[in-house]
Amino acid sequence: MGKNKQRTKGNVRPSSSGRAAELLARESGAVPGFVGFGNMATTELGYVPAVHGAEEIDNLVDADFRLVLRKLSKRDTVTKLKAAQEFGAMCQQRDSDVVKGVLPYWPRIYCKMSVDHDRRVREATQQAFEQLVLKVRRSLAPYLKSLMGHWLLSQCDTYAPASSAACQAFSAAFPPSKQAEALSFCKDEVLTVLQDNLLKETADTLSDPQSVPEEEREAKFLRLLTSSLLGVKRLISSLPQTETHSLQDRLTHLLSQAKFWKYSKHQTPQVRGAFFELMSSLCEHSPVVVQAEAARVCPTVLLALDDTDPMVLPPLWEAVLHTLSTVTDCWSHVNAKKGVLPKLWSLLRDGGKGMATSLHPNLLPFISKLPSEVTAPDLDFYTTFYSSLIQGLSRERAISSPSESSAIVVSSVECLRYTLLQNTGEEEEHRLIRTMIIQQQLLPLIDSALGNSSLQAGPLFPLVTEMLLSWEKRAGLQNLGGLSEGENEVVFDRLLSDFWEGLRVMLARHVSNEELELNELEGMASLLQVGLVFLLFRSVKICFSEPESSVSPEEVAVTLKHPQPEPPELGQGSTEGVLRSWHLEEIVCQQAQISYSYVDEKNSERHLVYLSLLLQTFHTPRVFTVKEKLKAKDDQKEVEGVFPTNPAVHFLLEHVVLWLSQEDRMETSYLVEMVFSCLRCCGRQETTRILNHITTVMDLKWAVLLQIIHKACADAASLQACSDWLKGSVLGERLLGLAEELCEAGLKGSGTAPDKDSWALISLALSQYHNNEPLIGAVYVEKMIEKLHGTLSAAKGLSEEGDLEPLVCFICDVASTFFSSVTHCLLLPSAEELLLTVFTLTAQDRTLTHMSGNDHTHLCRVMTTHTHLYNNDQTHTHTDTPVSGNDHTHLYNNDLTHTHTQIHTHLLFPLSESRLSTLQVLCPCLTPEERERLIALATAGILNWQEDNSKNTQTHAILLLCCLEVGSPVDEELLHAVLATMMEWRNSKEDWFLFSSDLSKTSTTQLSLSVEMMRFLSWLVTHSSKIITGSHWDFLLCSMLAWLETASDNVECLWNPWVQLFVCECCELIVRLNQFFTAPPPGVADLMPSELTAEWNDFFVEGIYSLMLPLPGRITDDPLFPLAVLRSVGVALTYVPLHHLSHNSLPVRFVADQKTNLPEKLQTLLNTLSPLLLFKARPLQLTVYHILDKVMPTLPECDGEGDNTKSDDDREEPCLSPPAALMSVLSTCEELCETILSGLCVGEFAVVVPLSVEYSCILAYLLAWKLLLSFFRAAPSHLRVQYSLYLKKNKTLHKLLLHLFRLMPENPTYPGQGAESAAKETKTFFTESLSLDIDSGYQHTLHHLACSVYYSTVQDLPAMVRLWWTSQEKRVSHAVDKFTGRYVSSVLSAQEICSVHASTQTFDSMTVKARSAAREVIATYSVDDIFIELVIQLPQNYPLGSIVVESGRRVGVAVQQWRNWMLQLSTYLTHQNGSIMEGLALWKTNVDKRFEGVEDCTICFSVIHGSNYSLPKKACRTCKKKFHSACLYKWFTSSNKSTCPLCRETFF
């Protein structure tokens, strides 16, 4: 009915958009531009048109660019994003002339995409634009006005990466000197775009309401509003002043619109913030426009003070300050008392509502701009202002945030200072304001800070002190020049007096409070200390007034910001005269006097701590004198006789030392600080006398003495002042006595725990060195080390009598600290003896020394410490006494493996087993000269074999090889001599080689000698093959083969560890020879005999692997087989050549009813080795895998053309089984894995215990699949179809995939990635190659192997995996899709694209190219006048998702045929199990057949079948039309008929 519907009268033709466009073009003379939902800035915008008359323009655009431009106009976000990236890449790669052809169509696309909803698209657009700009350069000029409006908008994009990219593109287009000129050139067009966005556009005009959701439309509109406001700001701030004047009329028009002013109250904070930023810029660059609109500007800005949104407040206050500065009569337009100030008071009382860091720095310039009519009466105004300001400190946000609190404090003090400077007159109002500020604001603020640790740590105290310094300067108390005009010295002097008096009363009240908390006392001390620091800083600044020695402003800033009290150095006498303000010293003396009273009368601990804090900074004689006045003069006579004049000394000896010696006092650190505070008032000699007096007379605890020494070493000045005491005899004798006392008590084994402080004191005294000098006298260090050495020596003989473990542990700890801390410590004879004693105790058997395990651990730690000392200092101990073999029996202990003790090697000869073991352990640590000497001695022993027995020859061979393996240089003549000697043994001592011997009857010495010969020959082949001549090669290769025969004949003797070693070293020699002949070292091939390589390949390889191939099966016949031997044999078997596997000499082995097309040798190999995959021995499983992996690619060719046994009448598709032996193993493993993993769902990770039975079963299953996939990969296309049908029928692949998603880890991240790789792409099991080395670790093998099998499966069998995925339930398919898309698809897609790039396959009449960024492959087919272009796009979840085939250009092909071919290619790519290149090759063959005249199958409309690649062969007897056999079978089964699809006659 639709076609026959009645038309409107006179309308006899259907509607046509093409005709409409043609009509418009004919009438207007131009091709119509884009018609959207809103008007763009220009009518010059265009696009690649599809209307009449556009063919000429179309030809100017490159085909690839035309395709990308079409994609850029799509709605899909991902398509646009990829297209933008591809456009940028093409601009970078193509010639400039090609890129310039795009310019006429770029403005419209850019203007649309630069305001796209997706931020990634906007960013990619700007990045692509930058590449375009860099390529076309000046050619962009004609299109600049069309672009500049949206370009400026993009530079103000709310998404920072997009705006940054736009700015970068702008900078690339114009240098900084030309940017203003470019904007000036386009200013009218830019302002038009911005005004239209602000005044005309709405959410519905910017986006289509029918296709774009409301939320997305609103978001785009708000973003455009924000960008437009910021764009106007950027425009007027970037233009020169003259150009800004030319825009005044248009700006006035903008500000006259009521809609514009509504943006100040917009519900979106971004819009409001951008509006106030624009107002600030207008005030700064166009004050005339703002003055004209003052009636609107002032209320809008000033009445918005209560807007505390984080995005609005900073630009709002900037606008407020600009408004106050620009509009002279601004307060005439608003009521300050009712509209502005109440909002400000509320905001300040709330502490800025969490925005103090942005708000409060503006308060000082704000109040400085307030006229008197606004602040009158001043007293009330400032009272309310400061009360509200300080009240904000008590808000929760200010309490919890140090930055908020600091901002309020800084603003308060700055405003206070400003207000005081503005009110320095003698008028009554000024006096009242000053009193109010001091008494009601400043002192209460300081009072509240005393109990608040956050305020104490903030800037309050430094700022107050800086303010006091400023007042002193203005009061004339400092000689810094005259006052400023109008300032009164008396006023500032009165301010200082009022402040100090108020502070004195406040601190006295606090310190007299018995319930005062300790943190308040610390706050008071901090306040006074900061005051002193600033006073000291002021005095330094006065004293060094010359320019060359002045303090830098940076240092001043650091000092003011972070005050650190630095007391004068010890030993420099009194500090009297440093304080310049008597007010501060008066307060300190009062505080000290009150504190001392509380300590003396009530024993107040808190006041004692406070007194210590005061004395750390204030240690003047007057302060100590005040304390002494409290004591009667008679009590001081005894002390005055010794230290007559110094009150600090009297206080120290009369009070501080007594407090220190109290038994019940637990904490003494603050009293030690008090000691050094007193000593700062003393000279160096007086300091030494006092400390000697305290050390001898006063019975102080060792912990106190330890603290005093620590404090004395804390800094260089204290160390210098106390050095005479530290190095003196008084302290030295006291410490030596302590050491003797501790050692004697420890030897008695009393059982009581030693005093840790005492041992720490001994350790400190020995290990502390300054300027390479000991902390105490060197003679006392020597004596103490001797005492420790004697005690440790005595301990080993008394171990049975008592518990000496604590004593030994403490001595070892002290020794370890001493050796690790002191340079050249072994120059002390006593230290050397101590180390030797420790070494002897460590090397001896614990059963002889009766040392406990803890003792032994501590002794070993001392030796380890000495190892590092030796490495750093290269200092050897020198002993001339040889160490016997028994003393080194236990040197294999890990703690001693690298002990660097010089040994006179000649004293260890003749060699015994124990001495040989010692040399083997110490050989890596010996010097090159010592190793060279050992090589000479060992070689001499080998060459003089006639005089020795095989035992001595064997030990010399072991020693020689030990030195060679650590890289010792050796003369080639020595190696020649050793090799010649071995050949001589072959003639005269053949029994030493054990050829054809029964190893069960062979001695250990004989086996060891053969092993060492194999090791030597292996080393020779690897490191020094140049010296091996023709006769040497004969000897080496024949000996190797004879040893292998001996090993093969003695498999039953593998219970003997020496036989195991014999077999392992024989296999190692075979591996080294394989590596050598595979890749000879540079320069060696020319020196080798010409026939050597041929002999190796033709004779020796055949002999080696004829013996080795049966070995794994023979070794595993014994249930107790040695794993190490199996591993070595496996490594050697991995080098077996493919030719030998194909012509192996294994015993024939067939299986009944086994269908096979393989030759007898290969079938025997599979039947013999495949069952070993299931053996519970990982090395054997990997060995079998490596062997079979070599032959798998050769097996498909044995199947020829596939399954030809079925008759033509058979309707089923033929299928073919992979190798039956492998499928049998796979079937067995499948059942076992089903049992193991049955309890897990897909997506749950199975935890498999390494090397368990389950581990072996799963490993065999995965290895079998690796082999099967390798076989499948090597098969041709037609066989691959039959193999895949077999797997599909048996559901083998179905089960594999289910198992894999239980075995692959949820997060397949590759282990061992460091922090530096965080910025790089994360490695996964899919990006890293799998190592299946037989001798490698097994920690993550199973996880990596499962991932590798899955990757190979989706790579080689993508169609079958896709079919399995679509058949799964939703939960399983979602898990598979998520995992594959996240970890596999990107890697596989990149590999497919790379394989297209790297492919060497060429086609007649077809070219293939790939685009990595877009994940696309483009195939172009051309024959005569026919031209076909197809675009193949890989999905995000490739290969699970279907590959999309898109239409490119076509010439000379009918539409229906074109669609058929596209469908065929899509079918091939979807249903064929292979790569994209294979699918394209198949499609090309199909098209070629079509052109050759072969008719399509009318069922599938293809010449070549999509899955089995066959041609149409089954012909109907009636219509003679041919069909594919598979298509007919599907037709018959689905229709339940046997008629021809065309003529409907019976087919058979």
Legend entry - Given (1) touching a residue at least 24 places away in the same chain (Cβ under 8 Å); (2) outside any loop (DSSP other than H, G, I, E, B), index of the condition SER1534 fails: (1)
Legend entry - Residue pairs meeting the criteria (Cβ under 9 Å; at least 6 apart or on separate chains; first touching a residue at least 24 places away in the same chain (Cβ under 8 Å) and among the small types (Gly, Ala, Ser), in the range 1254-1269; second open to solvent by less than 10 Å² (accessible area, probe 1.4 Å) and not in a helix (DSSP H, G or I)): SER1256/ALA1177
Inset, instruction - Restricting attention to helices (runs of 4 or more DSSP H) lying wholly within the range 426-545, give those where 3 or more residues are of a type outside the set (Asp, Glu), out of contact with any strand residue (DSSP E or B) (no Cβ under 9 Å at 6 or more places or on another chain) and modelled with pLDDT under 85. - result: 443-450, 453-457, 460-474, 489-511, 518-543
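Can LEU700 be described as touching a Ser or Thr at 6+ places or on another chain (Cβ under 7 Å), within 25 Å of VAL808 (Cα to Cα) and at pLDDT below 75?
Details: touching a Ser or Thr at 6+ places or on another chain (Cβ under 7 Å): yes; within 25 Å of VAL808 (Cα to Cα): no; at pLDDT below 75: yes.
No, not satisfied.
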Inset, instruction - Need at least 3 residues that are of a type in the set (Gly, Ala, Ser) per element, so show me which helices (runs of 4 or more DSSP H) inside the range 1080-1151 make the cut, counting only ones lying wholly within it. - result: 1123-1133
Inset, instruction - Answer with yes or no whether LEU347 is over 20 Å from ARG272 (Cα atoms) and open to solvent by less than 30 Å² (accessible area, probe 1.4 Å). - result: no
Inset, instruction - Check off (1) assigned to a helix (DSSP H, G or I); (2) touching a residue at least 24 places away in the same chain (Cβ under 8 Å) for SER177 and give me the number that stays unchecked. - result: (2)
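Which of the helices (runs of 4 or more DSSP H) contained wholly in the range 209-256 include at least 3 residues that are among the β-branched types (Val, Ile, Thr)? Before the answer, list the steps.
Details: elements: 214-238, 241-246, 248-255.
Where helices (runs of 4 or more DSSP H) fall fully within the range 209-256 and carry at least 3 residues being among the β-branched types (Val, Ile, Thr), they are 214-238.
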Inset, instruction - Name every residue in the range 265-276 that is touching a helix residue (DSSP H, G or I) at 6+ places or on another chain (Cβ under 6 Å), in a helix (DSSP H, G or I) and more than 17 Å from LEU324 (Cβ to Cβ), in order of residue number. - result: GLN270, VAL271, GLY273, ALA274, PHE275
Inset, instruction - Starting from residues that are among the charged types (D, E, K, R) and outside any loop (DSSP other than H, G, I, E, B), keep the ones in the range 995-1035 and report whichever is surrounded by the fewest Cβ atoms within 10 Å (Cβ to Cβ). - result: LYS1001
Legend entry - Among (1) surrounded by fewer than 18 Cβ atoms within 10 Å (Cβ to Cβ); (2) among the polar types (S, T, N, Q); (3) within 25 Å of ASP76 (Cβ to Cβ), the one test that SER139 misses: (3)
Legend entry - Residues (in contact (Cβ under 8 Å) with a residue 40 or more places away in the chain, under 18 Å from LEU153 (Cβ atoms) and within 45 Å of the chain's Cα centre (by Cα)) located in the range 199-213: LEU206, SER207
Legend entry - Residue, most open to solvent (accessible area, probe 1.4 Å), within the range 1495-1548, restricted to residues that are of a type in the set (D, E, K, R) and within 59 Å of the chain's Cα centre (by Cα): LYS1530
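Kindly establish whether MET279 is crowded, with 20+ Cβ neighbours inside 10 Å and over 24 Å from TYR382 (Cα atoms).
Yes, satisfied.
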Inset, instruction - Count, please, the residues in the range 1114-1166 that happen to be of a type in the set (Lys, Arg), buried (at least 18 other Cβ atoms within 10 Å of the Cβ) and over 43 Å from the mean Cα position of the chain (by Cα). - result: 0
Inset, instruction - Find the residue count for the range 316-335, including only residues that are open to solvent by less than 10 Å² (accessible area, probe 1.4 Å) and part of a helix (DSSP H, G or I). - result: 6
Legend entry - Flag if SER1003 is more than 22 Å from LEU1092 (Cα to Cα) and hydroxyl-bearing (Ser, Thr, Tyr): yes
Inset, instruction - Six or more apart or on different chains, Cβ under 9 Å: which pairs go from a residue in the range 1375-1395 that's more than 16 Å from TYR1310 (Cα to Cα) to one that's of a type in the set (Asp, Glu) and outside any helix (DSSP H, G or I)? Could you list them? - result: ILE1393/GLU1416
Inset, instruction - Filter the range 180-208 down to residues that are over 24 Å from ALA84 (Cα atoms) and not in a helix (DSSP H, G or I) and give me whichever is most open to solvent (accessible area, probe 1.4 Å). - result: LYS200
Legend entry - Residue count for the range 401-420, restricted to those that are out of contact with any Ser or Thr (no Cβ under 9 Å at 6 or more places or on another chain) and open to solvent by 10 Å² or more (accessible area, probe 1.4 Å): 2
Legend entry - Which numbered condition ALA172 misses (of (1) at pLDDT 90 or above; (2) of a type in the set (A, V, I, L, M); (3) surrounded by fewer than 19 Cβ atoms within 10 Å (Cβ to Cβ); (4) over 17 Å from ALA124 (Cα atoms)): (4)
Legend entry - Inter-residue pairs, beta-carbon under 8 Å, first open to solvent by 20 Å² or more (accessible area, probe 1.4 Å) and in the range 354-372, second polar (S, T, N, Q) and not in a loop (DSSP other than H, G, I, E, B), 6+ apart: THR357/SER403; PRO361/SER411; LEU364/SER411; LYS369/SER325
Inset, instruction - For the range 1173-1180, state whether one or more residues are farther than 22 Å from ASN1074 by Cβ, surrounded by fewer than 19 Cβ atoms within 10 Å (Cβ to Cβ) and without any contact (Cβ under 8 Å) to a residue 60 or more places away in the chain. - result: no
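The values are calculated or read from the model by the stated rules, or taken from the named source; none is laboratory data. If you're wondering where the values come from, they're calculated on a predicted model, not measured in any experiment. Glycine also receives a Cβ, built like all others from the backbone with ideal geometry; neighbour counts cover every protein chain displayed. Areas reflect the complete protein model, heavy atoms only, side chains present, ligands, DNA and RNA absent. Shrake-Rupley method; radii C 1.70, N 1.55, O 1.52, S 1.80 Å.
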